[in-house]
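Here is the structure we will look at.
The values are calculated or read from the model by the stated rules, or taken from the named source; none is laboratory data. Predicted model only: the values in this text are computed from it and were never measured. Counting neighbours? That spans all protein chains shown, and the Cβs are built from the backbone with ideal geometry, glycine included. For accessibility, only protein heavy atoms count, side chains too; no ligands or nucleic acids. Shrake-Rupley method; radii C 1.70, N 1.55, O 1.52, S 1.80 Å.
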Amino acid sequence: MVDISVNNLTKFFVIGENLLEGLSFEIQEGECVAILGRNGCGKTTLFNILTGAMDYDDGEVYVNPNKRLGLISQIPKFPAEYTVEDVLRSAYREILNVGKKMEALELKMQDGATAEQLQEYDNLTNRFQSGGGYEMDVEVDKICNGLGISQEQRSQDFSSLSGGEKTRVNLARLLLEKTDILLLDEPTNHLDLHSVEWLEGYINSFKGTVLTISHDRYFIDRIADRVIEIVDGHAEFYSGNYSFYMDEKQARFDLQMKQYEQEQAKLKQLGYTVERMKGWGINNRTLYRRAMSIQHRMERIRKTEKPKTEKTMKASFGEKDFTGDVVFKMKNVSKAFGERTLFSDVNLTVEGGERIAILGDNGTGKTTFIRCLLGDETCEGKIQFGPTVKWGYLPQIIKFSHPERSLYDTMLYEKNCTPQMARDRLGAFLFQGEDVFKTVGTLSGGEQSRLRLCMLMDEKINLLILDEPTNHLDIASREWVEAAIEEFEGVLIFVSHDRYFIDKFAERIWHLEDEVIRDFRCGYEKYRSILEHEQANKSVAASAPKPKKEKPKGGSKETEKLIRRLEREIEKQEAYLAELEQKIEEAASDYQELSRLLSEKEVGEENLLELMTQWDEAQVQ
């Protein structure tokens, strides 16, 4: 069954310049489709058209009228007095109204009920139950826990939240509404890693249809059945996730380029033949007619368009030579705001060439940690930098002291460079032509990040610190930044929720949780496997019953009975461990099953040790 159909859709904002032109695609029931494309290609406009929030100029748009559709990018306006809890509960508006009717009817029936009232109450109860009224509290708690919305935050006024927090609450509300078709516009923005992984699990188990716009390549890889890319206003289709899309896109480019080059070679050869035959045919009409025939055939040849190559930023970080081994040391560093401690007793040493990711849930203090490192925030303890260290910092929130200046003037004043140098540097970051005369204040978040990187990359640095460097950037821009960072040979320290970026660069990870920074000297995948193994150990330890330590009641007969019983239990436990060993050998190629079995073995060995200790104590008796 088709849930969404778009046929020859055209939308323009400036006459003669179509944003969407002849866009056509179909989404089947239950599909999860990622919509990709450069910033400004019309992805969000498409979503607004699908919801009816925006009109279109030509074509046909069909959304299954029997399905409920929800869009995450739109944050509805709520009354000023609404708390976060009120916003979440608004997803159950209809069911709550049924509940109020039930309460009113209960009051009426206190002194006796008529048959009609009992029938009405029975109908209301069935509606309340079928609508999930009795599971409402459990569902709200589950969604809030998954998305990291704390009990404390649920009592706050919704209007007091930041833009990112409002987006997160609205996502929770949308999921609680049980919509059949989800339109998710950058759903992973403002979510920490824990929440993103939870959302992936939710989408993968969701029975409805999902369309998502996302620049999170890891996220697309995990959830997408196929990809639709919007290029020059029309759709290109890829029947797989992001990794498939990348491989297929390159294969199509290579094939088109090969066809183009072959055609051009053939046309060039035919053109040379035509010119020669025309020359020979000056006095020979037969040769001349043959030349004209070849020329007409050349005109009829279907010409393959030369594939377009993406413009790339030609930029790299200016590097300052670093002498010595230690970049900086942190000794007993702690930071607290009032009674709330973010981290304490941090002792870390960083040496030349390291690449470190700082990970942790939102609100744990990652940005504050960086500000302490750079001296922008006071803290207890000691931080000592090497004598030749010079750092460059890209903050999460970009601010310019003079937003009224143009990009060109900003470079001239703040970087003290010549007009030609300013144009060259801006051009390297794809600010070209009239774009350089835009005012900084009118730039998008992604463009401001790109401008700040442009200014940063010119500096001679050997320590690069980035706080969410890929926020607001489309996939192409993220790849540009990654290419520049890849060539940087100094120390890299970054905060990021972009798992693709983390996996690519992190060789060491600082995990901030429960006021402690754990130091993992490994990459992202190994770090994830360690955490999963630890979680599995906790789960098994919590669920496995520990053997009860029994003491003999007294007398040699009681002791002998206890010894014999313990010996039987020890034999059973040894047999159980031997069986586990066999299963472990068989599961050698299945990492998840192997981790679970190893955790069980660890608990089993502890139980065996406890039984042996009891047996030894009984022997002494």
Candidate lysines - alpha carbon under 30 Å from Lys561, same-chain residues fewer than 8 apart omitted: Lys546, Lys548, Lys549, Lys551, Lys553, Lys572, Lys601
Segment 135-288, accessible area per residue, ligands and nucleic acids excluded (1.4 Å, Å²): 48 Å²
Whole-Å distance, taken between Cα centres, linking segment 321-347 and segment 222-278: 52 Å
Disulfide-incompatible cysteines by the Cβ rule (no partner under 4.7 Å) in the chain: Cys32, Cys41, Cys144, Cys417, Cys454, Cys522
Selection of GluC sites (Glu not before Pro), segment 56-103, meeting DSSP coil and at most 10 other Cβ within 10 Å: Glu81
Furthest towards positive pole of dipole, Gly148, Val326, Val227, structure part the chain, Cβ charges: Val227
Simple Cβ-charge dipole of the chain, Lys/Arg +1 and Asp/Glu -1, about Cα centre, in debye nearest 20: 2440 debye
Qualifying aspartates and glutamates (Cα of each under 14 Å from Cα of Lys399; at least 8 residues distant if same chain): Glu414, Glu447, Asp467
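Probe radius 1.4 Å, ligands and nucleic acids ignored: give me the carbon and sulfur share of the accessible area of the chain as a rounded percent.
Summing carbon and sulfur atoms, their accessible area is 47 percent of the total for the chain.
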Amide H partners (placed H, <5 Å) of Asn39, local residues excluded: Asp474
Extension gain, Ala251 back to Glu380 (0.36 nm per residue minus Cα-Cα distance, nm): 40.9 nm
DSSP beta bridge pairing in the chain, given as percent antiparallel to the nearest 5: 55 percent
Coarse-grained scattering of the chain at q = 0.08, 0.09 Å⁻¹, given as base-10 log I(q)/I(0) from a Debye sum over alpha-carbon atoms: -0.83, -0.99
Segment 1-45: trypsin sites (Lys or Arg not before Pro) falling in loop per DSSP and having at most 16 other Cβ within 10 Å: Arg38
Relative contact order (percent, whole number), the chain, Cα cutoff 8 Å, 6+ residue spacing: 12 percent
Probe 1.4 Å, protein heavy atoms only - accessible area per residue of segment 372-479 in square angstrom: 47 Å²
Crossing angle, helix 115-130 versus the chain [Cα axis fit, 0-90 degrees, rounded to tens]: 70 degrees
Alpha-carbon spread of segment 9-84, three principal axes, descending order, Å: 46, 32, 23
